[in-house]
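To keep things clear, I will list the structure first and then write my remarks on it.
Just so it is clear, none of the values below were taken in a lab; they were calculated from the coordinates. Nothing here was measured: the structure is a model prediction, and the numbers come from that model. Note: ideal-geometry Cβ built from the backbone for every residue, glycine included; neighbour counts use all protein chains shown.
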Amino acid sequence: LTIAAIREKDEGERRVALVPVVAERIKRLGASVALEAGAGLTSYFPDATYKDTSIVEDEKSLVASADIVLAVNPPSPDLVQVMKPGAILISFIYGRTHPDLVKALRDKKISCFAMEQIPRISRAQAMDALSSQATLAGYYAVLLGTVHMPKILPMMTTAVGSLRAAQVLVMGLGVAGLQALATAHRLGAVTEGYDVRPETKDEAHSLGAKFVDTGVDATGQGGYARELTDAEKAKVKSVLSDHIARADLIVTTAAVPGRRAPRLIDADQIARMKPGSVIVDMGAEGGGNCEGTKAGETLQVGPTLIIGPTNLPSYLSEQASELYSKNILNLLEQIIKDGKLTLDLTDEVIAKTLVTHDGKITNDGVRAVVE
Ligand code: NAD
């Protein structure tokens, strides 16, 4: 059984799907390991740090000889063409927005595990790549905002008087938002959190933050948020506007599965913000939580600097790769027994994560879009 990791080709991507410590653990599962030359370089894992691993220069010959291919980002449909029929691919896939890739995987009879589909259940936490990457992204978003602020986060007493602690507001308290709250608190800011799921109130309090209670409960299916009605949006706006106006730094992280990022801050609210304030819009890639956000750009809009970062985990490529690679290892342990592949399709984690198998698209949501 050969497991191979490719070098990421997307611009700006610095992560790798396989780190040396995981390569060693895979060998203990009874598989051999191969790596595209230089795949770990941008996460600071040079080829020589992968022991007993075949380093292969040519991506296509690497992939053609592999039983399981590992990647971070959705690979190109062309690469799927060189895979062995019936082989396995493990990667983020985002099938709804990559229909040609999904069709290629289906036609080549690839069993494809989409890491974004790992179910959010306790047993699967160690495989939950969305969470591992979101944790690092939430941390980094606060640091990124901080270096763009004209002030510090903590209260500080100096010979010429005291500096007040900065006010940080985090909007959307999922995995990334909670980590952002924790990070801002550790750096000494006065923190406030807001989410449409009331259960996040206790989580915010446990991280030393106040919770902005808008009185709106939009808990949707599976514990995720649903979209707000127009009346709810108006109610939320009336409560939130003063908190937005008081903030020195805002980190927005709101997402609704399968939808455009919800709009949390509009131009009127930005106009009332403090001069020198900063917004880090983690929803930038999904369309932005903030009016005027441009993905990949930093813009001054009236009093406020709006940062629309893309691929935050990639800035922390060493540890983002380490966590992602361990998420994959935990999945591999479910499908490799005594050096042999065993796909138990009755297992909830396997069934929900597979998007293509045996010539079919096995995820209903993806099939509805692609076929
Ligand atoms: P996400 O990235 O999908 O969304 C971020 C946050 O935005 C969520 O907390 C959501 O409630 C919030 N949001 C959506 N619309 C909003 C709006 N209009 N205003 C303010 N906030 C808004 O979130 P996530 O981190 O992927 O996780 C969300 C859910 O998944 C939670 O229920 C969480 O407990 C659950 N989860 C479970 C597991 C597990 O059991 N293994 C792991 C991770 C997450």
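Put simply, the amide H of residue 278, placed in the peptide plane, has neighbours under 5 Å in 249, 250, 305, leaving out anything fewer than 5 places away on its chain.
Ranked by Cβ crowding within 10 angstrom, fewest neighbours first, how are 54, 131 ordered? Present the calculation step by step, with values, prior to reporting the outcome.
Values: 54 13, 131 19.
Fewest to most other Cβ atoms nearby, the residues stand as 54, 131.
Treating the angle as unsigned and between 0 and 90°, give the value, to the nearest 10°, between the Cα long axis of helix 175-186 and the longest Cα principal axis of the chain. Helix 175-186 sits roughly 50 degrees off the main axis of the chain. Using the Karplus relation 6.51 cos²θ - 1.76 cosθ + 1.60 with θ = phi - 60°, the per-residue 3J(HN,Hα) values for the range 312-319 come to 4, x, 5, 5, 9, 4, 4, 7 Hz, with x marking Gly and Pro. A cut-off of 5 Å between modelled amide H atoms, ignoring neighbours fewer than 5 places along the same chain, links residue 7 with 36. Rounded to whole numbers, the Karplus 3J(HN,Hα) couplings from phi for the range 125-130 are 4, 6, 9, 6, 6, 4 Hz, using 6.51 cos²θ - 1.76 cosθ + 1.60 with θ = phi - 60°, and x at Gly and Pro. Within a Cβ distance under 13 Å of residue 47, other residues only, what is the Lys/Arg minus Asp/Glu net charge? Result for the local shell: -1. Cβ-to-Cβ counts within 10 Å put 191, 342, 158 in ascending order as 158, 342, 191, the fewest first. With the Cα gyration tensor of the range 99-145 giving a ≥ b ≥ c as the square roots of its eigenvalues, does the rule (a/c under 1.5 for rounded; else a/b larger than b/c for prolate; else oblate) give rounded, prolate or oblate? Oblate is the answer for the range 99-145, as a/c is 1.5 or above yet b/c matches or exceeds a/b.
Which GluC sites (Glu not before Pro) in the range 32-112 pass both tests, a DSSP loop state and at most 14 other beta-carbon atoms within 10 Å? Before the final figure, lay out each step's value.
Working: sites: 36, 57, 59; in loops: 57.
Here the GluC sites (Glu not before Pro) that fit, given the DSSP loop and packing criteria, are 57.
Phi angles across the range 245-260 convert, under the Karplus curve 6.51 cos²θ - 1.76 cosθ + 1.60 with θ = phi - 60°, into 3J(HN,Hα) values of 5, 7, 6, 8, 9, 10, 10, 10, 9, 6, 9, 10, x, x, 10, 4 Hz, Gly and Pro given as x.
In this structure, the amide hydrogen of residue 225, modeled 1.01 Å from its nitrogen in the peptide plane, lies closer than 5 angstrom to those of 220, counting only residues at least 5 positions away or on a different chain.
Assign one of three labels to the range 31-136, namely rounded, prolate or oblate, based on the Cα gyration tensor with a ≥ b ≥ c the square roots of its eigenvalues; rounded applies when a/c is under 1.5, prolate when it is not and a/b is larger than b/c, and oblate otherwise. It is oblate, given that a/c is not under 1.5 and a/b is not larger than b/c. Based on DSSP H segments of at least four residues, each scored -39500 (n - 2.57), the chain has a per-residue ellipticity at 222 nm of -9500 deg cm²/dmol.
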